[in-house]
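The values are calculated or read from the model by the stated rules, or taken from the named source; none is laboratory data. Model, not experiment: these values are computed from the prediction. A quick note on method: Cβ atoms are made from the backbone with ideal geometry, for glycine too, and the neighbour counts reach across all protein chains shown. All accessible areas refer to the heavy atoms of the entire protein, side chains included, with ligands and DNA or RNA removed. Shrake-Rupley method; radii C 1.70, N 1.55, O 1.52, S 1.80 Å.
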Amino acid sequence: FAAAALLSSTAQASSLVIGTGLARECFDAAEEEKASETALGLCDRALTEEALAYDDQVATYVNRGIIRARLGDFAGAHADYDRALRLDPNEPEAYLNKGALVLKADQDWRRARQLFDLAIARQTRRPEIAYYARGVASELGGDLSGAYADYVKASELAPGWEEPKRELTRFSVRKKG
């Protein structure tokens, strides 16, 4: 079922940190799916020990949230995404990752779909993930035509990604009438 695929680590998109230092190491850990207590410690240290530019601070909260979610600390991940959004209400990766978390941990497809809409509207770096995830949420809500359209869009945006293609094989499209 599609929801199971969404809940994998591919459902997350890290926020880019420019430069070097602990915040960059936190980004690299989130991007490379290296969730560990060590990676979490890098993010914590970046936020407390480095004089981060505003954008890097926002990104580091998103990246720490990703690592926390992968470690099963859903409350901590929620808090980090919310902190990032308080600092920058237009941060698309926070909406995308919060949506994935809301779908997984809270099992709230309506709220998740709203968050994916916001990630798309704010131009996430990974629109294919946002469309795919919104497709999962739509399917859970019974909107099969919306789910199909989003899986198609995700497949078009990332032609090499197999998950959306796999979901599309479950659909049969017929003309009305």
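Tabulated data
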quantity: Rg/Rh (Cα only; Kirkwood hydrodynamic radius) as it applies to the range 102-147; calculated: 0.95
quantity: Cα-centred dipole magnitude for the range 50-115, charges only on beta-carbon of K, R (+1) and D, E (-1), debye, nearest 20; calculated: 380 debye
quantity: Coordinate range along principal axes, alpha carbons of the range 100-177, Å, largest first; calculated: 36, 26, 20
quantity: Carbon and sulfur %, accessible surface of the chain computed with the full protein complex present, 1.4 Å; calculated: 49 percent
quantity: Radius 11 Å from Cβ of residue 156, net charge of other residues (Lys, Arg +1; Asp, Glu -1); calculated: 0
quantity: Cα extents of the range 43-144 along the three principal axes, largest first (Å); calculated: 48, 27, 19
quantity: 10 Å binning of all Cα-Cα separations within the chain, expressed as whole percents from 0 upward; calculated: 11, 39, 31, 13, 4, 1, 0
quantity: For the chain, accessible area per residue (1.4 Å probe, heavy atoms of protein chains only), Å²; calculated: 49 Å²
quantity: Descending semi-axes in whole angstrom, ellipsoid equivalent of the range 17-73, from the Cα gyration tensor; calculated: 17, 10, 10
quantity: Volume in Å³ per residue [convex hull over Cα atoms, computed for the range 134-177]; calculated: 72 Å³
quantity: Nearest-ten-degree value, helix 74-87 long axis tilted from longest Cα axis of the chain; calculated: 80 degrees
quantity: Neighbour cut-off at most 15 other Cβ (10 Å), DSSP loop, GluC sites (Glu not before Pro), the range 69-177; calculated: none
quantity: Nearest-20 debye value, the range 24-173 charge dipole, Cβ charges on Lys, Arg, Asp, Glu; calculated: 480 debye
quantity: Degrees between helix 109-121 axis and first principal axis of the chain (Cα, 0 to 90, nearest 10); calculated: 70 degrees
quantity: Neighbour cut-off at most 16 other Cβ (10 Å), DSSP loop, GluC sites (Glu not before Pro), the range 18-74; calculated: 32, 33
quantity: The chain: calculated mean residue ellipticity at 222 nm from DSSP helix runs of at least 4, using -39500 (n - 2.57); calculated: -20500 deg cm²/dmol
